[in-house]
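Working notes, beginning with the structure itself.
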Amino acid sequence: MAEIITDSKSIAVIVVDLQEAMFDGLAGPPVYDAVGLEQRALALLSWARCVGIRVAFIRHDGEVGHVLAP
């Protein structure tokens, strides 16, 4: 049986590619259920921060002029 980790310093929430261009259809097809996905992500992030779980953001980026350029 897998061990359940309950120490908030041992776990993190990792958010991948949730920048605006992933939702507006400019970088590719629009994300399915974008509004629902955003609401669920915000709820998860709020919960993680409230209980002291670390949050890391990873985002795709592009070169200057690309829709995903920083």
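Rolling a 1.4 Å sphere over the protein heavy atoms, what is the accessible area per residue of segment 9-70, to the nearest Å²?
Value returned for segment 9-70: 76 Å² of accessible area per residue.
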Rounded percent of accessible protein surface that carbon and sulfur make up, the chain, 1.4 Å probe: 60
Area accessible to solvent at Asp61, 1.4 Å probe radius, in Å²: 80
Cβ-based charge dipole, the chain, positive-most Cα from Ile14, Ala27, Val67: Ile14
Kirkwood Rh in Å, taken over all unlike Cα pairs in the chain: 14.0
Long-range HN-HN contacts of Leu68 with modeled amide H, under 5 Å: Gly62
Helix-only mean residue ellipticity at 222 nm for the chain, each DSSP H run of n ≥ 4 adding -39500 (n - 2.57), per residue, nearest 500: -8000 deg cm²/dmol
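The values are calculated or read from the model by the stated rules, or taken from the named source; none is laboratory data. If you're wondering where the values come from, they're calculated on a predicted model, not measured in any experiment. As a convention, Cβ positions derive from the backbone with ideal geometry for all residues, glycine included, and neighbour counts pool all protein chains shown. Side chains included, ligands, DNA and RNA excluded: accessible areas come from the protein's heavy atoms. Shrake-Rupley method; radii C 1.70, N 1.55, O 1.52, S 1.80 Å.
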